Structures are given as structure tokens and as C-alpha cells.
Amino acid sequence: MASQDWFEKDFYAILGVPQDADAATIKKTYRKVARTMHPDHNVGDAKAEERFKEVGEAYAVLSDPEKRREYDAIRAMSHGGARFTAGGAGGQGAGFEDIFSAFGGAGGPGGQRVRFNTGGAGGQPNLEDILGQMFGGGAPGAGYGGYGATPGPRPGADVQASTHIAFRDAVQGSTVSLSSPDLGRINARIPAGVKDGQRIRLRGKGRQGDPGAPAGDLILTVSVDKHPVFGRDGDNLTLDLPVTFAEAALGATVAVPTLDGGSVKVKVAPGTPSGRVLRLKGRGVKRGDHVGDLLAKVQVVVPQRLTDEAREAVEKMAAAEDGHDPRADLFQRARA
């Protein structure tokens, strides 16, 4: 349900995107701004922390299609985008402020007097109750937010947050500690196999609700740092495997590093070219019952310097291959 902030705050301006921005632009902009303003990178900077909270609040609304439609409609109405016909004499159009006056019980002659049981301090009307009446409130007894109904306890709001984790922690799983002025310190379990940019919902870790109502959720966006050796393709781990010319030409058994710090042997067949991928079963990312593979892409290393003996050997090999053009097929296919 909307809050007073939806009338007072321009979430598009806070996030720094145009009103017609698509979902991908909103997500990309949020990740960039959130990374810059994250409290972990601005320790002791209260302004950055407040900015981080505002950006998260804006993203929570604009990234949710349903909330965004509701927000756009309310903002348009608050700026004169929607007009209503008053129930008074003459049927003159009434603006947004007139609607709130009518809901406050000050209707003109013939107008219907409306009363809300707000339960709030000082008897002030609850904005969410008013919106519930305007955008879908039902008949008396219709339930929460309905006409004549007493609103029940409200659940806590969801909270948006982001964190950076190491590549190995993303693959193997980890626990991170988050801190927030509103929520305090929270320990969040990152499941094994989480991907860069993935959003994790932590039930009950958001803001507290009214007494008797559940707490909101913490929606955590995970950014995964790059690894100097390993990459990821779905549930498969990838790496470039350097081999010497002799190993590739004659064949060899070489060691391949694994993410856990160990190694495994792999056989390089004679005549293996650069770019060939060697698959090591079950050495990839484990998610549930599924385990990916480790894909080692062969990179034949050309020596930068040759000893006299090595040069002589290469020259003999070149002489033995005299007349063989490895590019002949390339030119033939290019002319086809």
C-alpha cells in the first residue's frame, strides 16, 4: 500500500532515471548508485547512508511493476492529472485537495459525510485507509481498508539492500553481516551457487510490523567480485589452461587448479589445438542436487625466446612440413 512518501518524493529523480525508463535501465542505475553509496564504502558518512536508504526506497517501488503503476497514478493525481466530480450543487470538478476535504467529513450540501476509524494519534485520517477507499475499498465490512472497516495490524515493509561477496563465497556459500541504522546488524546466509546480480529474499528480516503482524522481508541484491583465474558459465566453472607447444603436439597429462585450492589431472591428447575445451566432470558449481563441470580451455603458449637447441628443433620441424599450407582450406572456404 502507498504511503505519504509517494506524494512527497520523486523516486525517478532520486534514482536519477527518466519517468519512461525501462526495467533494465532502472536496475542498472540502481546497482551503480547503490554500489557508490553503500555504507561499507562510506564509513561514517551520514549523508551517503541517507542517500543509500533513499535510493533503495525508490528502487523498491520502481522495480516492482504493480507498485510503479500505483505510484505513477497517485503522482499524476497529486499533480492535477486526475479530476473528480464533486457531489455538491453544480457538479463542478474537484481537485485532489477537495477529495481529502470530503473524506475529512466536511462535505457540502447534499454531500455524503464519511467517517474513518483511524486509531492514530490525534484522530488524524490514515492516508492508506483513504487510498484504500479511493482505489478499491469495498462496502462496509469488506475487510482491511474497506469502507467502515477498522484496519487490522499492518505487516512490516520490505527492505532493499545490497552486498559484495568474493567469487569463491558465491560458489560455495557464505554468511555476510549487514548493518543498518533502522534494522541494526543482520546476519544473512548466502546460498551456494548465487549468481552476480541475483536477488535473495530473507523472510522476516525487514521492518517490524504492527503487533501481531509479520515483519517484512529483506531483499538482498548480491554482487559477485571477479576471480583472477576462474569464470562462470551457468553452473560450470571456466578457466584458461596454458600448455606448451610440445604438450599440445605430443600429448601430456597436466594439472588443473580447482576452486577449493586443490588440483586435478587432465589428459591433453596429441595434436590438441588452442581453444579446445577439456571438461572435468563434477568440478563446477553445486546447486541443490545438480553439480556443474570445470571447463578448461587450452591455450598453447608460444615461447618468447628459444635456446639454440630449441630453435634447431623447430627449424627441423618446419623443414619436415615444407609444402603444407595450414591456411589453404581457409582461403578455399572464404571464396565459396
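Summary of values
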{"read-out": "Options 34, 24, 89: the member that is at pLDDT 50 or above, surrounded by fewer than 11 Cβ atoms within 10 Å (Cβ to Cβ), on the phi < 0 side of the Ramachandran plot and not acidic (Asp, Glu)", "value": "24"}
{"read-out": "For residue 195: the one exception among (1) out of contact with any Leu (no Cβ under 7 Å at 6 or more places or on another chain); (2) not in a loop (DSSP other than H, G, I, E, B)", "value": "(2)"}
{"read-out": "Any chance residue 75 is modelled with pLDDT under 85, in a helix (DSSP H, G or I) and surrounded by 14 or more Cβ atoms within 10 Å (Cβ to Cβ)", "value": "yes"}
{"read-out": "Subset of the stretch 295-324 that is of a type in the set (S, T, N, Q) and closer than 30 Å to residue 263 by Cα - its residue that is surrounded by the fewest Cβ atoms within 10 Å (Cβ to Cβ)", "value": "304"}
{"read-out": "Hey, residue 202 surrounded by 16 or more Cβ atoms within 10 Å (Cβ to Cβ), at pLDDT below 90, over 24 Å from residue 290 (Cβ atoms) and outside the structural domain of residue 237 (by TED's automatic domain parsing) or not", "value": "no"}
{"read-out": "Residue check, residue 171 of a type in the set (Val, Ile, Thr), outside the structural domain of residue 287 (by TED's automatic domain parsing) and outside any strand (DSSP E or B)", "value": "yes"}
{"read-out": "Test for residue 285: is it under 16 Å from residue 168 (Cβ atoms) and either of a type outside the set (Asp, Glu) or surrounded by 11 or more Cβ atoms within 10 Å (Cβ to Cβ) (or both)", "value": "yes"}
{"read-out": "Total residues in the stretch 208-234, condition assigned to a loop (DSSP other than H, G, I, E, B) and either over 17 Å from the mean Cα position of the chain (by Cα) or small (Gly, Ala, Ser) (or both)", "value": "14"}
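Residue-by-condition table, conditions (1) in contact with a His (Cβ under 7 Å, 6 or more places away or on another chain); (2) modelled with pLDDT under 95; (3) assigned by TED's automatic domain parsing to the domain that holds residue 174; (4) over 30 Å from residue 58 (Cα atoms):
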| site | (1), (2), (3), (4) |
| --- | --- |
| 212 | no, yes, yes, no |
| 215 | no, yes, yes, no |
| 249 | no, yes, no, yes |
| 255 | no, no, no, yes |
| 268 | no, no, no, yes |
| 279 | no, no, no, yes |
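So that you can scan it fast, the table gives a plain yes or no per residue for (1) surrounded by 15 or more Cβ atoms within 10 Å (Cβ to Cβ); (2) at pLDDT 80 or above:
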site: 30; (1), (2): yes, yes
site: 40; (1), (2): no, no
site: 65; (1), (2): no, yes
site: 81; (1), (2): no, no
site: 118; (1), (2): yes, no
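The values are calculated or read from the model by the stated rules, or taken from the named source; none is laboratory data. Every value quoted in this text rests on a predicted model; they were computed, and no experiment measured them. Cβ atoms come from the backbone with ideal geometry, glycine included; neighbour counts cover every protein chain shown.
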